[in-house]
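The values are calculated or read from the model by the stated rules, or taken from the named source; none is laboratory data. No experiment lies behind these values; they were computed from the predicted model shown. Note that each Cβ is placed from the backbone with ideal geometry, even for glycine, and that neighbours are counted across all protein chains shown. Note: accessible area is taken over every heavy atom of the protein model, side chains too, but ligands, DNA and RNA are not part of it. Shrake-Rupley method; radii C 1.70, N 1.55, O 1.52, S 1.80 Å.
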Amino acid sequence: MRKVDVVLTEIIRNRLVAATEEMAKTMIRTAFNPLLYEVQDFSVTIMSATGDMWAETPGVIVFSQAFPEAVRAGIARWKGNFAEGDVLIVNDPFETGTHISDTNVYMPVFFEGELVAFCGTAAHWADVGGKNPGGWCPDTTDTFQEGLCFRHQKIVERGVKNQGLWDLIDCNVRVPEIVKGDLEAQIASCRQGCERIQSLCAKYGTKTIREAMDYVIDQTDRSMRATIAALPDGEYGTSIRLDSDGVQEDGEFLVCLKVTIQGDRVHFSLNGSSPTARGPINLPAPCTKGILASSLKGILLPFDPCNAGHTKCLDFELPPESIVNPVWPAPTDSYGYVIECLMDMMFRCFLNIVPDKCPAGGYQLTGAFFSRSQSRHGKPFVMMDPMHGGNGALIDRDGATNQLTGNGDLPNTPIEITETRHPFRVELFEFAPEVAGVGKFRGGMGVRKDYRCLTDGVYASFVIENTADTTAAGFKDGTDGDHGSLTVMPVEGERIVYNKRVGSIGPFGEGTLFRVITGGGGAWGKASERDPELVLRDVRNEFLTAEDARTRYGVVVEERGGAWSLDLQKTQELRAAS
């Protein structure tokens, strides 16, 4: 075996990571949809000529993990028949792993006539022409209802646009200017990565690049195995039940996970999970595997640049035709709920193994989407606002607030962008401390956001799950976080409160107020063990009332001279009596 220059190898590795970061910046600077240039609901990935991940910059973490499988399907589809200047498109959920709104665009990278790598971007389109604007429809019953489906068509061939395919997209989406603009941004991002890889090849040679990345993947695999081998062998299992599948209320909707650590390998079994659901909560196999792999890496090697080596020591057992391994054309549009469940189930399984690395449970995905397809009231639009909430407490600190973790640590949409791009005014955006779990370290808080509608003919959808069997479970006697809600307050008529997901309610007129509250995170430890000074801090910050401090934490605070202070003696007496 040729001796590898480890210094040069590290340079190449980091150059590829930097290339993905440049690709991401290109996407942010050129995308049309705030969901991409603000929320960063995308990922970028560089893969080998055979589809092994070399480097990635995630927004949504499971996109990158599943992308190699999609590219390998494309290689098989075209039997390696690629040319310089080709750009391919795929959003078939059973190859990309998520739902049909997440569109993968990738291109082969050639140097001196040789296929060297693939650059790819996965991004949530503003619309893909399905039953509901923007995706996340709660009640589809097959993939055909969810929108246009691409399977590795060449949207650009040898540098020339496939105009018929572009026209097809234009005629079948509700906001073609935004969708095609985002598609152009994805292509620009891929080209950016292509240029960086070609410059690397010109400097070091394609053989050196391949050998360096083979070595990196091998060393990553060794590191992952060594980290796993240091853990105690054993089996750890848990399950979570979803509220419904969006079509039928009665059913099992159970997700089961058993993690087996043996030597330097980890085996994931999802046996016992419910059969494929009739509604769109199913999660295709590539992302079932991807979120488990991402979660394990996050727990064990969080700062490692991700590559194919992190998954070589993992085995997966997925029951066929199940909620975690459906087959075409099962509906998948609300796939993200199961992703959040699996991530929190991983934390539960590893709690007793590495408690310093696992938080309590976090809030389930929550958000409101607004749209108008008919032009008689004004310009059509699709506005998606996946809101942040409270995540679980850690062994030594309170849970994070205003953070989206299950699909990646993504930013939220700035109010200025919401108000300038869409016919809404945001009248309130604040913490919702009442939904946070109570404990020695409290869960992260939810947020409360009020949208005032400034036009007519608007429809709304509401995203929420696990209101009964929560993902936001407390650990070590900490209480669970509470779930969120949507309240609709029309100018005339009664307000309506939704505690479960709904799609395409409306139309609503000008002046209607929509209030969204997201869920809180689970707490860690007994509330009676919380440092009274932390309780006092929360009272001063108006996260708790004096009565909350007394009843929830057994802490007595009093207001004197316009300032809150702690009465330690009364606190000790109150806690001793409880």
Exercise. What accessible area per residue, rounded to a whole number of Å², is obtained for the range 266-345 using a probe radius of 1.4 Å?
Worked result: 26
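Report the gain in length on full extension from R151 to N172: 0.36 nm times residue separation, minus Cα-Cα distance, nm rounded to one decimal. Could the numbers behind the result be given before it?
Numbers: separation 21, 0.36 × 21 = 7.56 nm, distance 1.66 nm.
Separation in residues times 0.36 nm, less the Cα-Cα distance, equals 5.9 nm.
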Problem set entry | Difference of contour (0.36 nm per residue) and Cα-Cα distance, Q572 to K180 | 134.7 nm
Seminar exercise, completed: Only helices counted: for the chain, with every DSSP H run of 4 or more residues adding -39500 (n - 2.57) and the sum spread over all residues, [θ] at 222 nm is -10000 deg cm²/dmol
Problem set entry | Globularity index of the range 399-500, i.e. its alpha-carbon radius of gyration over 2.2 N^0.38 Å | 1.24
Exercise. Just by accessible area at a 1.4 angstrom probe, what is the order of F144, F424 from largest to smallest?
Worked result: F144, F424
Problem set entry | Hypothetical label at Q374: residues of the range 447-467 whose amide nitrogen lies under 19 Å (7 Å Cα-Cβ projection) | 453-461
Problem set entry | Theoretical FRET efficiency, 1/(1+(r/R0)^6), r = Cβ-Cβ of S223 and K203, R0 45 Å, to 0.05 | 0.95
For this session: Please name whichever of I209, T57, G298 sits farthest to the positive end of the charge dipole of the chain, dipole taken about the Cα centre and charges placed at Cβ: Lys and Arg +1, Asp and Glu -1.
Result: I209
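Counting only protein chains, not ligands or nucleic acids, how are I339, I395 ordered by accessible area (probe 1.4 Å), most first?
The most accessible residue leads, giving I395, I339.
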Exercise. How far apart, in nm, are two points set 7 Å out from the Cα along the Cα-to-Cβ line at E547 and at R72?
Worked result: 5.9
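Give me D for the range 145-232 in µm² s⁻¹, whole number, from Stokes-Einstein with Rh from the Kirkwood sum over alpha-carbon pairs, 37 °C and 0.692 mPa s.
Details: Rh = 17.1 Å.
D, rounded to a whole number, is 192 µm²/s.
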For this session: Roll a 1.4 Å probe over the protein heavy atoms and report the accessible area of T227 in Å², nearest 10.
Result: 40
Seminar exercise, completed: If each part is reduced to its alpha-carbon centroid, the range 507-553 and the range 221-287 end up apart, in Å, by 32
Seminar exercise, completed: Quick calc, N14 & E494: beta-carbon distance into FRET formula, R0 41 Å, rounding 0.05, result 0.10
Exercise. From the residues L200, G120, P284, which one has its Cα farthest along the dipole of the chain in the positive direction, the dipole being from +1 and -1 charges on Cβ of Lys/Arg and Asp/Glu about the Cα centre?
Worked result: L200
Exercise. With charges set only on the Cβ (+1 for Lys and Arg, -1 for Asp and Glu), what does the dipole of the range 12-92 come to about its Cα centre, in debye to the nearest 20?
Worked result: 180
Problem set entry | Label corresponding to mean projected area of the Cα convex hull in nm² when calculated from the structure given, among (1) 53.7; (2) 35.3; (3) 28.8 | (3)
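Just to be sure I follow the definition: excluding the sites themselves, where is the longest run in the chain that has none of the GluC sites (Glu not before Pro) in a DSSP loop with at most 16 other Cβ atoms within 10 Å?
Formally, the longest exposed-site-free interval is 322-491.
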For this session: Show R72, R13, R29 ordered by accessible area, largest first, where the area counts protein heavy atoms only and the probe is 1.4 Å.
Result: R29, R72, R13
For this session: Would you tell me the accessible area of K180, worked out with a 1.4 angstrom probe on the heavy atoms of the protein chains, in Å² to the nearest 10?
Result: 60
Problem set entry | Area accessible to solvent at K526, 1.4 Å probe radius, in Å² | 100
